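Each reported figure results from applying straightforward, stated rules to the coordinates on display, with no laboratory input. Here the structure is a predicted model, which means the values were calculated and not measured. So basically every Cβ, Gly included, is an ideal-geometry build from the backbone, and we count neighbours across all protein chains shown.
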Amino acid sequence: MPRTARDVVFVDGVRTPFGKAGPKGIYHETRADDLVVKCIRELLRRNPDLPPERIDEVAIAATTQIGDQGLTLGRTAGILAGLPTTVPGYSIDRMCAGAMTAVTTTSGSIAFGAYDVVVAGGVEHMGRHPMGEGVDPNPRFVSEKLVDQSALFMGMTAENLHDRYPHITKQRADEYSVRSQEKAAKAYADGRIQADLVPISVRRSDESVGETGWGLATADEPMRPGTTLEQLAGLKTPFRAHGRVTAGNAAGLNDGATASLLAAEDVARELGLPVKMRLVSYAFAGVEPEVMGVGPIPSTEKALAKAGLSIGDIGLFEINEAFAVQVLALLDHYGIADDDPRVNQYGGAIAFGHPLASSGVRLMTQLARQFEEQPHVRYGLTTMCVGFGMGGTVIWENPHWEGK
Amino acid sequence: MSNTAELLKGAAELFPDEVVTTAHVRHLDLPQGAGRFALITLDNGLDHTKPTTLGPQSLVNLDKAIDQVEAEAARGEITGVGVTGKPFIFAVGADLKGVEVVKRREDALAIGKGGHDVFKRLSSLAVPTFAYYNGASMGGGVEVGLHCSYRTVSRAIPAFSLPEVFLGLVPGWGGCTLLPNLVGADRAVSVIIENSLNQNKQLRGEQVFELGIADAIFDGADFLEQSLIWTASVLRGELEVERPDVDRGEAWDQAVARGRSIADSKVHGAAPAAYRALDIIAAARNGDLRQGFDAEDRALADLIMGDELRSGLYAFNLVNKRAKRPAGAPDKKLARPVTKVGVVGAGLMASQLALLFARRLEVPVVLTDIDQERVDKGVGYVHEEIDKLLLKGRVGQDKANRLKALVTGSLDKAAAFGDADFVIEAVFEEMGVKQQVFAEVEAVVPEHAILATNTSSLSVTEMASKLEHPERVVGFHFFNPVAVLPLLEIVRAERTDDASLATAFAVAKSLKKTAVLVKDAPAFVVNRILTRFLGEVLRSIDEGTPVEVADRALAPLGLPMSPIVLLELVGPAVAHHVAGTLNAAFPDRFAVSENLGRIVKAGKRGLYVYDSGKPELDPEVAALFETGDTVLTEEQVRERALNAIAGEIRLMLDEGVVAEAHDIDLCLITGAGWPFHLGGITPYLDREGVSERVAGKRFLEPGVASIPN
């Protein structure tokens, strides 16, 4: 049977405000599945032209798939969101790149013709599900020296990355982080972020933490506008004595969820859905787990090669800031300046937070906004490093591109 | 300290056991830059199985919260104030335990006034106020919201009501006054009177919105978020809330008149609450809230100090608490599982039982009878009823298939009951027949199987006496219509063992019936009392009192139907038969009316004809009657009937037919539909002095179903 691959478009993306994990965090008493459910419902509200029964799949990522992140989250969240029972769903895990993988996997299926419209997103409630909860690593990893023990601890892999690239100093990482906070604060001031946030009602019972009763989360909790280099210089390096990685130049432990709508371009046109980005190519790549932060380099190489593009064709970058060092490693690889204006225009995860499996769609949602504002840009990419030594990159085309 | 605070402090001291609700104040930034907002959460700190209530200390807490937001509003620090509840619950109103302890009218007045004083502040802040009905909302909970400027409601709310009239109160924290002014008198009458008197019917979220009580409705999944976004739009002036004008013309009077006719048809003027509520609704037409609130305070105080409310609360507790823990029931751990049910007989009663067992227990049910035709008819009836449920949408196709497959018929008792755990007989009411049926059944059932009888008047002990294992026999007396009346009298025969009895109670619970343990005494509870009282009415007629006079005699009690209408519902033949049984047991108290015998013999099904639209004595019946010439007044008939009831109940308690008078009342409420305002009957007999007159003492301690000393 002859087949034509179809173009896949990013129709819309939303997310919850991100919270700080732990008893003081805004989502301490909020279920993870509820965060996803509210994102899915917001997508439907924002896109009333989409008949819900036209959704062919709900793919939701979570790293720790137990408790309120278990039970085949894509399916249960769909039911809880009020989607027709005819809409199926499933769960995805590629740690930090969960939501990104939800997007690429369903996009592949759209291109193949299996789906017309999908919901893809992710969630991580790191307060309810701390990193490493319930894991049981095979002892052969250590006995056969398949990976160094540090590979299991992301902060240690970031220290390892500083070892590999001695020219990426703590000073550079801190400077980058200060800029991330500044850019994020400016993006908020300019109203670039709020439009894609889903307000979440939050309950608090512990009065030692703050006012009790119901409240409403409308902004990212981890943000630290006004952060200075001096402040960052004084922070502890929890992963290694006299190390370089601190809470200030890395993303924190966070709670949050994202969701996006993807569609075959012809179907989006037929239904009158917005087309915010067009998928060009994607790739994932593996690296040594001990330096997982280097993952975006090979994945970006692969994705560019598949698209027949070079790095010079990319006008906007959304790079997940798990650690400043990992962003700088990628920029150095391509000879891009630390403060290049094409990179993370709204700031990044160091400011907003990084609820592991949810972050991929945040990058895309922000890139889509930037495309809209910058029609002179044709291509952009979203990329992130992934635990156990991986990277993922998705290259997008701007449908608003004005051409040459 | 303000007057309100003092008032509430006094009330709080009277009620130290209050489950106190906290009014949390939390600030948030509204979306769309609509400003800083103060959200009050009503929360008693317990999970959703313990709904939030509003006792006096809780009101003090809300008052303090309002102090805070009032000041913030005055200083311009906030743009609005909201009120919502903990998950699944908004608030379910006043804590009724706090009403029960009130002894003095001034304290009763304080309850009403305290609530008003706190709630009405929500309508006079410097900023708009919003109620978000997120979950169950009743009584005072609903009223908190009515004082706010705007309301939203969750589509997921299962229960929303102003149930005060059902209990014997009025919605007295603003409900009677504010609701008609918000949605018009007719809709207010539907909520306050009609629903309350219709077994406390609850509204769903959709109806709350359609009635205009809420200005907006949102799905449960993100109700609070959407309510706050909506609030932001209202505060920013982007969204104007439009409410239809209330018709203050003739429609208002018509609505109140409709309410009165509903009240008359339900309580026959015998309980004051509905009428007090209607008076306030009628007066609310002029829109004078202050006058309305004052009238509510007075009505609440009067009703709280009245016997009908105390009886209503007593009845409410019987139905909601005692019914769940039947007095005298053995440890439920002794109950054996019931995985298959047998029904002996395939007549109408047996078929109704088969349907009930199949629906509630969802286990195979086999009907047997003496020939295939009867069996087919019985099974056919059940299948037809299941089809009706399917048509009405009460069950889906899969469930209907399942239920139909569960109900089968057989002529072979051995095959049908060989693996049954519970077999109930519903054959002809004759001892010999029933004994033979049980003997046949015992020969084929497993050793652990329970044998139950639906007899309404025969001795269960005698029925079991010829069996090898009489300890497995229990009485299981349902009331007609089986699907409607909740009562199930569970009869412990002399030799019934605890495991069998525990199994019977477990089955009753699965059947969703109100089980009351009764001794194996003639006609058990409800039929004995009804027969005694009907007997007195019939005796008056036999002696010469006109039927209409005798039949009107009990009207001041507000019973669900008059004695003669009850007789027609039961059927003269059945009534005559039961009277005969009781006459045999207690010939000095239970007479057999010769006139009733004549009616039965003539094959008449009733005494009245309804050709003119109202009941009139059937001339053919009148022609059958042979009466004496002693003509009593309504009062005399009533006294005679009440004396008989009181005397009979005293004897039943002395005989140990039930554990306490409470159980008699529970039986009459759930098996005969006797009203809450009588508390069943013993509170009424106590307060009217009948108990003392007849038996020399009350049935209930002072303070139970009456104002404590």
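Look at the Cα gyration tensor of the stretch B:3-305: its axes a ≥ b ≥ c give a/c of at least 1.5 with a/b at or below b/c, and that counts as oblate.
Which value, to two decimals, describes the C-alpha radius of gyration of the stretch B:526-656 once divided by 2.2 N^0.38 Å?
Values: Rg = 14.2 Å, N = 131, 2.2 N^0.38 = 14.0 Å.
This ratio for the stretch B:526-656 stands at 1.01.
Taking the square roots of five times each eigenvalue of the Cα gyration tensor of the stretch B:332-519, the equivalent ellipsoid has semi-axes of 25, 18, 15 Å, listed largest first.
For chain A, the orientation-averaged shadow of the C-alpha convex hull comes to 20.6 nm² (one quarter of the hull surface).
Evaluating 6.51 cos²θ - 1.76 cosθ + 1.60 at θ = phi - 60° for every residue in the stretch B:558-564, the Karplus couplings come out as x, 5, x, 8, 6, x, 5 Hz, glycine and proline recorded as x. Derived value for the stretch B:663-709: Kirkwood hydrodynamic radius 10.8 Å. Basis is the mean of 1/r over every pair of different alpha-carbon atoms. Once backbone amide H atoms are built at 1.01 Å from N, B:Gly220 has B:Arg155, B:Ala156 as its partners under 5 Å, excluding neighbours fewer than 5 places away on the same chain. Note on the protein assembly as shown: dipole from Cβ charges, positive end direction compared against B:Gly135, B:Ala277, A:Gly293; the farthest Cα belongs to A:Gly293. Take each residue in A:36-45, count the other chain C-beta atoms within 10 Å of its C-beta, and the mean is 2. More than 47 angstrom separation, counting every C-alpha pair in the protein assembly as shown; what % is that? Considering the protein assembly as shown, 48 percent of its Cα-Cα pairs are separated by more than 47 Å.
With both partners inside chain B, how many of the DSSP beta bridges are antiparallel, as a percent to the nearest 5? Intermediate values should be presented prior to the final figure.
Working: 16 of 61 bridges.
Percent antiparallel among DSSP bridges in chain B is about 25.
For the stretch B:3-305, the antiparallel share of DSSP beta bridges with both residues in that region comes to about 30%. Compared with the alpha-carbon gap, the fully stretched path from B:Met431 to B:Glu206 is longer by 75.6 nm at 0.36 nm per residue. Fewest neighbouring Cβ atoms within 10 Å first, the residues A:Thr393, A:Thr246, A:Thr105 line up as A:Thr105, A:Thr246, A:Thr393. Couplings 3J(HN,Hα) of the stretch B:543-556, computed from phi: 7, x, 6, x, 3, 5, 5, 4, 6, 7, 4, 8, 3, x Hz, in residue order, whole Hz [Karplus 6.51 cos²θ - 1.76 cosθ + 1.60, θ = phi - 60°; x for Gly and Pro].
Per residue, the average separation of C-alpha pairs within less than 8 Å and at least 6 apart gives chain A a relative contact order of 27 percent. Calculated FRET efficiency, B:Glu250 to B:Asp288, Cβ-Cβ distance, R0 = 25 Å: about 0.80 to the nearest 0.05.
Once the convex hull of all Cα atoms in chain B is built, its volume per residue stands at 174 Å³.
Which whole number gives the average, over all residues in B:21-28, of C-beta atoms from other chains lying within 10 Å of the residue C-beta? Don't skip to the end; give the middle numbers.
On the way: counts 0, 3, 1, 9, 3, 10, 5, 10.
Rounded to a whole number, the mean comes out at 5.
How crowded by other chains is B:210-223, given as the mean number of beta carbons from other chains within 10 Å of each beta carbon?
Working: counts 0, 0, 0, 0, 0, 0, 0, 0, 0, 3, 2, 8, 12, 1.
Averaged over the peptide's residues, the number is 2.
Between B:Ala483 and A:Arg240, the distance separating the two model label sites (each 7 Å from Cα on the Cα→Cβ line) works out to 7.6 nm. Computed from backbone phi, the HN-Hα couplings of the stretch B:108-120 come to 5, 4, 5, 4, x, 5, x, x, 4, 4, 6, 4, 5 Hz, rounded to whole numbers (Karplus: 6.51 cos²θ - 1.76 cosθ + 1.60, θ = phi - 60°; Gly and Pro given as x).
Exposure proxy ranking for A:Thr85, B:Thr670, based on other Cβ atoms within 10 angstrom of each Cβ and starting from the fewest, stands as A:Thr85, B:Thr670.
Between the helical axis of B:348-361 and the longest alpha-carbon principal axis of chain B there is an angle of about 50 degrees. A cut-off of 5 Å between modelled amide H atoms, ignoring neighbours fewer than 5 places along the same chain, links A:Val202 with A:Gly215, A:Leu216, A:Ala217.
Is the stretch B:107-185 rounded, prolate or oblate when judged by the Cα gyration tensor, a ≥ b ≥ c being the square roots of its eigenvalues, rounded requiring a/c under 1.5 and prolate requiring a/b larger than b/c? Please report the intermediate quantities before stating the final value.
Details: a/c = 1.68, a/b = 1.08, b/c = 1.55.
Taking the square roots of the gyration eigenvalues as a ≥ b ≥ c, the stretch B:107-185 is oblate.
Just the number, please: percent antiparallel of the DSSP beta bridges in the stretch B:332-519, rounded to the nearest 5. Please report the intermediate quantities before stating the final value.
On the way: 5 of 30 bridges.
Percent antiparallel among DSSP bridges in the stretch B:332-519 is about 15.
Modelled spin labels at B:Glu6 and B:Lys332, positioned 7 Å past Cα toward Cβ, are 5.0 nm from each other. Spin-label model, B:Glu548 to B:Glu468: label points 7 Å out along the Cα-to-beta-carbon direction sit 6.4 nm apart. Percent of Cα pairs in the stretch B:175-288 per distance bin of 10 Å, from zero to the largest separation: 13, 38, 29, 16, 4, 0.
The simple Förster model, with R0 at 60 Å and r as the Cβ-Cβ distance, assigns A:Glu270 and B:Val101 a FRET efficiency of 0.30.
Considering every Cα-Cα pair within the stretch B:354-402, what fraction, in whole percent, is farther apart than 17 Å?
Numbers: 417 of 1176 pairs.
Everything past 17 Å amounts to 35 percent.
Of B:Val92, B:Val144, the sequence from fewest to most neighbouring Cβ atoms within 10 angstrom is B:Val92, B:Val144.
Rounded to the nearest 10 degrees, the angle from helix B:250-267 to the longest Cα principal axis of chain B is 30 degrees. Each Lys and Arg contributes +1 and each Asp and Glu -1, all at the Cβ; summed about the Cα centre of the stretch B:526-656, the dipole is approximately 380 debye.
Based on the mean of other Cβ atoms within 10 Å per residue, sort peptides B:586-592, B:456-462, B:98-104 so the most packed one is first.
On the way: B:586-592: 15.0, B:456-462: 20.3, B:98-104: 18.1.
Output ranking for B:586-592, B:456-462, B:98-104: B:456-462, B:98-104, B:586-592.
Our Cα-only numbers for the stretch B:435-594 put the radius of gyration and Dmax at 17.9, 57 Å.
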